[in-house]
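One structure is given below, encoded as structure tokens.
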Amino acid sequence: MSVSRPARATWLATLLRPDKSLARRLSAVLPRGLLARVLLILLLPLVVLQGVALQLFYGGHLDVISRRLTSGLAGDVGFVSVMVEAASPETRPFVMREAQWRLGLALSFEPDAALGPIPHRPAWMRLLPLESDLRSALSERLALPFDVDWHSDPNVIIIRAQLDDGVLTFEASRRRLITTTLYVFVIWLVGSAVLLAVVAVLFMKNQVRAIRRLAEASETFGLGRDNGPIKPEGAREVRQAAVAFNAMRERILRFVNQRTEMLAGISHDLRTPLTRMRLELTMLPRTPETEADIAALTQDVEEMERMVEAYLAFARGEGTEAARSADLVAIVSEAAAKARRSGATVELEMPESLPLRLRSDAMARALGNLLDNARRHARRIAVTVRPPASAERGWAEVLVDDDGPGIPAAQRAEAFKPFTSGSATGTGLGLAIARDVVRAHGGEIALEESPMGGLRARMRLPV
């Protein structure tokens, strides 16, 4: 029965389709780190290859050599036993002397002795088949009761054979059965594996160290902590990545500095015409007809001045301040004290101290903006500082809750956009500046519904 070509193609595609469940199981077992995975890729085939070679050696070469050597020794023992047993008492010493000289066997004879029960002895070397092969060969070549002792003397093998009129003892050097090829092969096998493993580990540790430094530099720069350019090291591709990171860092810093300088310059230049407009408004003649217009213009000028001051404050903090170790609790306490002096009711819940790496002035400005927004829309404000769950790695949180009207969930994303303000006297820059400051620290800020009925601003900062 023939199978159509589309059916064969479908069957082949099904056969070659990877098993997703198997891939998931393997991913759960395999190591996660790059160093461990690369070493596994390098060393696993090496171990398998060495295991196969060792099995082939033990299963083939070693068995053949062991059987040949033990068979030769058993043949000599059997031949000498027959000759000694057949010799007369006068010629027996001659036979033993010749066997010792020509066959390399030390012989002794105990007349009228009995071999007795053979004691149980543990295996001399479990990894080698010499003992079992020698017993098998002696059973074939020596038709007499015998005992093989591997433990009494570390240099020789003692073989006792029961003759009709006594016990004949053989002492054969172990060198007749043990070949140096075994040790050379094992040393080469294990030594080469260890050497290759050490070289692979040292080489890969250097490569992974360069990748880790690049990752740490990227994470640190992403958290707003500029530690300078990194040194390109490692393989060519890793060096290229480090060079690309340094170039990206320079471009980002140049862009931020240019934007900050331009923003500061524009804001500073705007203060001159605003000051002149304020002076001209104060010099205008006030009549009942023009009083409302002058008040409206004065309010617009004041709003523009507040906007310019916010721009300048943000530009000064972003452009000049560097991140240093600071106490977040002290910064929050100072911002709360300023809010209280402005007439706000602020409740605090925080630990004694929480040291973090921060831009203190920028963080104080962000907290001040959050408290100022809450003060304008609510009567009560609660500030909570939560330390991270783990001292080694985690997130510190600052929660600013109020009992004001809050912001609908659909409009909370819009509240972070510049010039978006729900107050007639606001510039719409407070939340935007606060989010920029928090993101520059590698954190995030979000607006949520407060347990007090108003708005909650959740600020998360990395430790």
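The values are calculated or read from the model by the stated rules, or taken from the named source; none is laboratory data. Quick caveat: nothing in here was measured; it's all calculated off a predicted structure. Because the Cβ atoms are built from the backbone with ideal geometry, glycine has one as well, and the counts that use them run over all protein chains shown. Calculation scope for accessible area: heavy atoms of the full protein, side chains included, ligands and nucleic acids excluded. Shrake-Rupley method; radii C 1.70, N 1.55, O 1.52, S 1.80 Å.
LEU138 - would you say it is open to solvent by less than 30 Å² (accessible area, probe 1.4 Å), modelled with pLDDT of 85 or more and touching a strand residue (DSSP E or B) at 6+ places or on another chain (Cβ under 6 Å)? Spelling it out, LEU138 is indeed open to solvent by less than 30 Å² (accessible area, probe 1.4 Å), modelled with pLDDT of 85 or more and touching a strand residue (DSSP E or B) at 6+ places or on another chain (Cβ under 6 Å). Scanning region 300-310 finds one or more residues that are in contact with a helix residue (DSSP H, G or I) (Cβ under 7 Å, 6 or more places away or on another chain), open to solvent by 40 Å² or more (accessible area, probe 1.4 Å), at pLDDT below 80 and charged (D, E, K, R). The single condition among (1) modelled with pLDDT under 85; (2) open to solvent by 50 Å² or more (accessible area, probe 1.4 Å); (3) under 36 Å from the mean Cα position of the chain (by Cα) that MET350 does not satisfy is (1). Report the residue count in region 140-151 for those that are out of contact with any helix residue (DSSP H, G or I) (no Cβ under 8 Å at 6 or more places or on another chain) and under 16 Å from LEU107 (Cα atoms). Number of matching residues: 2.
Of all the residues in region 154-174, those that are within 24 Å of VAL95 (Cβ to Cβ), open to solvent by 40 Å² or more (accessible area, probe 1.4 Å) and under 56 Å from the mean Cα position of the chain (by Cα) number 1. Exactly one residue out of VAL52, VAL48, VAL95, VAL84 is open to solvent by 80 Å² or more (accessible area, probe 1.4 Å) and more than 18 Å from ARG135 (Cβ to Cβ): that is VAL48.
Results for (1) touching a helix residue (DSSP H, G or I) at 6+ places or on another chain (Cβ under 6 Å); (2) within 30 Å of GLU302 (Cα to Cα); (3) open to solvent by 80 Å² or more (accessible area, probe 1.4 Å), shown as yes or no for each residue.
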site: VAL238; (1), (2), (3): yes, no, no
site: MET248; (1), (2), (3): no, no, no
site: ILE252; (1), (2), (3): no, no, no
site: PHE255; (1), (2), (3): no, no, yes
site: ARG259; (1), (2), (3): no, yes, yes
site: MET262; (1), (2), (3): no, yes, yes
site: GLY265; (1), (2), (3): no, yes, no
site: HIS268; (1), (2), (3): no, yes, yes
site: MET277; (1), (2), (3): yes, yes, yes
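Apart from one condition, ALA106 fits all of (1) touching a Ser or Thr at 6+ places or on another chain (Cβ under 7 Å); (2) within 15 Å of SER81 (Cβ to Cβ); the exception is (1).
Scanning region 220-249 for residues that are without any contact (Cβ under 8 Å) to a residue 12 or more places away in the chain and under 21 Å from GLY442 (Cα atoms) yields a count of 5.
Does PHE203 satisfy being assigned to a helix (DSSP H, G or I) and open to solvent by less than 100 Å² (accessible area, probe 1.4 Å)? Taking the combined requirement at face value, the residue does not satisfy it.
In summary, LEU138 fulfils each of the numbered conditions (1) part of a helix (DSSP H, G or I); (2) free of Cβ contacts under 8 Å to residues at least 60 places away in the same chain with the single exception of condition (2). Please determine whether any residue of region 100-116 is of a type in the set (D, E, K, R) and open to solvent by less than 50 Å² (accessible area, probe 1.4 Å). For region 100-116, residues of a type in the set (D, E, K, R) and open to solvent by less than 50 Å² (accessible area, probe 1.4 Å): absent. When ALA99 is tested against (1) at pLDDT below 85; (2) part of a helix (DSSP H, G or I); (3) under 28 Å from HIS151 (Cβ atoms), exactly one condition is not met: (1). Candidates are the residues of region 207-228 that are surrounded by 12 or more Cβ atoms within 10 Å (Cβ to Cβ) and of a type in the set (S, T, N, Q); the one that is nearest to LEU461 (Cα to Cα) is THR220. A residue that is over 24 Å from ARG439 (Cα atoms), open to solvent by 30 Å² or more (accessible area, probe 1.4 Å) and not in a helix (DSSP H, G or I) occurs somewhere in region 375-382.
ARG121 satisfies every condition listed in (1) closer than 30 Å to ILE187 by Cα; (2) without any contact (Cβ under 8 Å) to a residue 60 or more places away in the chain; (3) of a type in the set (Lys, Arg); (4) surrounded by 15 or more Cβ atoms within 10 Å (Cβ to Cβ) except (4). Suppose the filter is in contact with a Phe, Trp or Tyr (Cβ under 7 Å, 6 or more places away or on another chain), at pLDDT below 90 and open to solvent by 30 Å² or more (accessible area, probe 1.4 Å); does ARG359 pass it? For ARG359, the condition - in contact with a Phe, Trp or Tyr (Cβ under 7 Å, 6 or more places away or on another chain), at pLDDT below 90 and open to solvent by 30 Å² or more (accessible area, probe 1.4 Å) - is not met.
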